[in-house]
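Every number in this text was worked out from the coordinates using simple rules, so none of it is lab data. Since we're looking at a predicted model, the values are computed, not measured. Cβ: placed from backbone, ideal geometry, glycine included. Neighbour counts: every protein chain shown.
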Amino acid sequence: MSLAWLVILPFAGSLCAAFVPSHARNAAAWLAGTVAVACIALGIQFYPQIAEGEVVRATFQWAPAVGLDFKLRMDGFAWLFAMLVTVMGALVILYARYYMAAQDPVPRFFSFFLAFMGAMLGVVLSGNLIQLVVFWELTSLTSFMLIAYWYHRSDARRGARMALTVTATGGLCLLAGMLILGRIVGSYDLDVVLASGNLVRAHSWYLPALILIALGALTKSAQFPFHFWLPHAMAAPTPVSVYLHSATMVKAGVFLLVRLWPVLAGTEAWFWIIGSAGLFSLVLGAYAAIFQQDMKGVLAYSTISHLGLITLLLGLNSTLALIAAIFHIMNHATFKASLFMAAGMVDHETGTRDLSRLSGLYRAMPITATLAVVGAASMAGVPLFNGFLSKEMFFAETTFVSGNVITRIGLPTMAVIWGTFSVAYSLRFILQVFFGPAAKDLPKKPHEPPRWMLLPSGLLVTACLVVGMFPATIEPYLDIASRSVLGPGIPFHSLAVWHGLNLPLIMSLLAMAGGVALYRALGKYQQGTAVVPLINRFDGQSIFQFLLKKLESFAGTLTRCLSTERLQVQLLLLICAVFASALIPFSNGGLPAGNQPVAPVHPAFALMWLVGGACAIGAATQAKYHRLAALSLSGGAGLATCMTFAWFSSPDLALTQLIVEVVTLVLLLLGLRWLPPRYKSVDDKVVPLQTRLRARTRRLRDMALALVAGASLSALSYAVLTRQAGEGISNFFLENSLPLAGGSNVVNVILVDFRGFDTLGEITVLGIVALTVFALLRRFRPAPESMGLPVQQQVQDAQIPGWTPDPRALLPEGPMMLPGVLVQLLLPISGMVAVFFLLRGHNEPGGGFVGGLIVATAVILQYLVGGTAWAESRTRIFPQYWISAGLLCAAGAGLSAWLVSRPFLSAMAWHARLPVIGEVHLSTVLLFDLGVFLLVIGATVLILVALAHQSRRGHRKPATAHEEPEAAVPAATPRVAEITADLAQPHPISHAWAPAPAPKEG
């Protein structure tokens, strides 16, 4: 089976989990667990090939002309990490099923969880540097959603924002570093990059690339000085902490350092940059862990410390140290995940994780205590546990570092100090929680959690014991991973419990004895508070907050200089900036005019443009006080533009312009409806003379700028239009539209075929804009003076004796009754016309964009004639679903090309002969155009509904203690009051439009 399924399955599962009802926790857990187990089975399937030293690859063409392909690559190290991600994911899913509360929206949790799993697998299996960065940033985004899962808590929101800010900023640095690395090598293919180590290290751009890539890795793995975000991320649910902060997200940084070790390691710069960051994180993280009061806080800082150990090993430029780092990556994942689970079980069953309140839990929770003791012993490096083996390898590597006296003596000394701190915080974690007198003031009576909740932790501690006592069981997998990084000639290494009485063993004994002595010396936590302020000297959070404040201050200063609340000034600055930028190409002689003869001006065409120009000038002069007149006149100018396209034989553009003008005009009209009115001063003497002169000067300035900008744009258009037809790329499209794309409508072929990738991006942006407008308008409230109910929206009682109709089924009455009947007939007719334009768009004027706007126009008429209540009672439209369906159709058309091993968005065509219809031409271009059609409908209608619902919200808005009564709202008839009350109930279209409740602190 293709390697791609290992990445596709988690994302598909995430999408499915998003549609599971919020109360169906068992269904969501089964779905997530099935996906994780399926990924494990897929990974195991590749083991025979990986064990033989093969590299499994799957390549899907994306943009081969620029050297970009979607490429998956699995070697031994990637296989080991993929199994770590999937196996740990399955265990966490089982654990989360019993940890999450019944009131939590568990399907949403598993949707985020599976999306993160897919992003992490994408990082591990990427065979292209740019693709790796894309998945890298996806891990930051999905981890943000997981950390902020309990978004009603302020600490969760702060922790998520901090994690996203730090890791996403590091991701931008990583992107720059990868671009430099690919530039040095001449390819972004990972196979080529890994084989070019000597070339990269000898290049003058090696150091900038190393620094940028190191920033990306160190921020992701929470290494000094970027370590501060990880403890704040502990506000997430414990299953998130188990997965992200022991086995996946924070391991992504060290994964990248191991992945690029053959390319970047082996230099002094690597040693000092990577090694120094690891050393500081190693010691400071262990030191800070001793004084934490939260069980998860102890584990968070110990995670920073153990990741520092791995980073330091990678920075030593030693092949044996690299093997030790890979080994400790596996060991740390097992014992740290088990300890996080133990902390979560204590919190779940006692209601607290505060070490000062916990004591004597061994009596009430003996199984949990036993599991935690085993995990803590492994974390402290006690013999017969897996942590002891990798700790011995670390001690051994620090004693063989060459260099000056500082490194030869300082590194072993710091290693022993780290071991001392590690034993001390491990003892405190166990003895203070599970031993001693029983706690009496716990929020809940402690007891053992469910057996299935204990199972994942039990399996992990069993692995700690098995590997610690029988290290030969893990050695084949370690060899597979090491050979994939170092090649076949890996150095000899031996995993054994006993290597004789040697220096690493003596260092271990000293660390254990020192840790016990340190724990006894500190005694209770209160006795150690004298040394706690030392941590503040290394507090990266303070630096982070300081930089954020400075950035906000700079942004505020820039905003005050370049922005204003007045739209006129903003437009002035924008037009001046665009005009200045446009002058740059003209600095070397300007744009030469073409030699095409100018056609004579037809009197009808000149008259049309005179009318259009008069409409534009009239719209400008009336825009301030007479908005309806200004909109009408601007529509006239747009109609002149539309007729110009038709005059120059561009029916496709003319049709599009016409529909766009209609939709834009109506949407602007709905938006301006809720702005407060503006009135001219009755007596000019009220306005001071100086103010009038200033206003007149400003108008003259704006008019001069408009004339200059318009004349410049006209000159540019003239220079382009008078060129020969064969110049530029236009001739290519004209010649190849039919033979290459199978369509004679060149405009539509360019949009959905030649420039399909651009169109996919544009419709994605359109969908995002629609959702953003909707989100902004959810909390928008109209100005009080604009909230009066228009007369045409007053619904009168039906005059039919003995029959009380459903208010939603009422037709508009009075002068709007006849249009109400017509718009009902217009909607299906417009749908048929829209489908007609959609299907003919590849060869005749039309296309998905025009067809979508036609349907949207018909829906707009429903709202204009019948009002919000009536339109929504008769039209079941779910705009957000149309947007989703459109994006899926367009993306599916592009991905379908991979089924036949062609580049992304390549068009595929089939010819079929049907019995009655005859020959039918089918193409994936139609599916892409259908996606454009659906998304345009959804985006336009979503913005329309967001604007239309202001009328419903405005008239229901209750007066608060700080607001004046809404006297401007006219009294409603009884039928209007009935409908207004009825509108408060959810119905098929408006259930999602109600204002979102303000988040509560908890």
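What to note about this one:
- Neighbour count of at most 10 Cβ within 10 Å plus DSSP loop: longest trypsin sites (Lys or Arg not before Pro)-free window in the chain: 1-439
- Once each of the GluC sites (Glu not before Pro) sitting in a DSSP loop with at most 16 other beta-carbon atoms within 10 Å is removed, the chain keeps 55-564 as its longest stretch.
- Calculated FRET efficiency for the pair residue 192/residue 561, C-beta based, R₀ 45 Å, to 0.05: 0.45
- Between residue 413 and residue 542, residue separation times 0.36 nm minus the direct Cα-Cα distance comes to 43.5 nm.
- Cβ-Cβ distance of residue 901 and residue 698, R₀ of 56 Å, FRET efficiency by 1/(1 + (r/R0)^6): the value works out to about 0.35.
- Here is how the number arises for the chain: DSSP H runs of 4 or more residues each give -39500 (n - 2.57), the sum is divided by the residue count, and the result at 222 nm is -22000 deg cm²/dmol.
- Each of residue 465 and residue 607 was given a label point 7 Å from its Cα along the Cα-to-Cβ line. The distance between the two points is 9.8 nm.
- Angstrom value of the Kirkwood radius, inverse mean 1/r, which spans all Cα pairs in segment 854-896: 11.9 Å
- When the Cα convex hull of segment 282-383 is projected onto planes of every orientation, the mean area is 6.7 nm².
- Overall Cα dimensions of segment 370-437, principal axis frame, Å, largest first: 51, 21, 10
- In this structure, the pairs whose alpha-carbon distance is over 27 Å, taken from 296/550; 220/336; 251/444; 296/391; 296/444; 220/549, are 296/550; 251/444.
- Plainly put, segment 206-334 has a radius of gyration that is 0.97 times its Kirkwood radius, both from alpha-carbon atoms, as the Rg/Rh ratio.
- Principal-axis analysis of the Cα atoms of the chain puts helix 974-983 at an angle of about 30° to the longest axis.
- Degrees between helix 129-147 axis and first principal axis of the chain (Cα, 0 to 90, nearest 10): 90 degrees
- Gain in span if fully extended, residue 762 to residue 707, counting 0.36 nm per residue against the direct Cα distance: 16.7 nm
- Using 0.36 nm per residue and subtracting the Cα-Cα separation, the extra length available between residue 731 and residue 920 on full extension is 65.1 nm.
- Sorted by Cβ neighbour density within 10 Å, fewest at the top, the residues 151, 287, 188: 151, 287, 188
- For the chain, the calculated P(r), taken from all Cα-Cα distances in 20 Å bins from zero up to the bin holding the longest distance, is 11, 35, 32, 19, 3, 0 percent.
- Rg/Rg_ref, segment 173-218, where Rg_ref = 2.2 N^0.38 Å and atoms are Cα: 1.02
- q = 0.17, 0.19, 0.27, 0.34 Å⁻¹, segment 539-580: log10 I(q)/I(0) [Debye, one scatterer per Cα]: -0.59, -0.64, -0.87, -1.02
- Working note: Debye formula, equal point scatterers on the alpha-carbon atoms of segment 134-285, no solvent; log10 I(q)/I(0) at q = 0.13 Å⁻¹ is -0.59.
- One way to sum up the overall shape of segment 22-137 is the equivalent ellipsoid from its Cα gyration tensor, whose semi-axes run 30, 18, 10 Å, largest first.
- Centroid-to-centroid, using Cα positions, segment 31-75 and segment 289-360 are 30 Å apart.
- Cβ crowding within 10 Å, taken as a proxy for footprinting-reagent exposure, orders 302, 649 from fewest neighbours to most as 649, 302.
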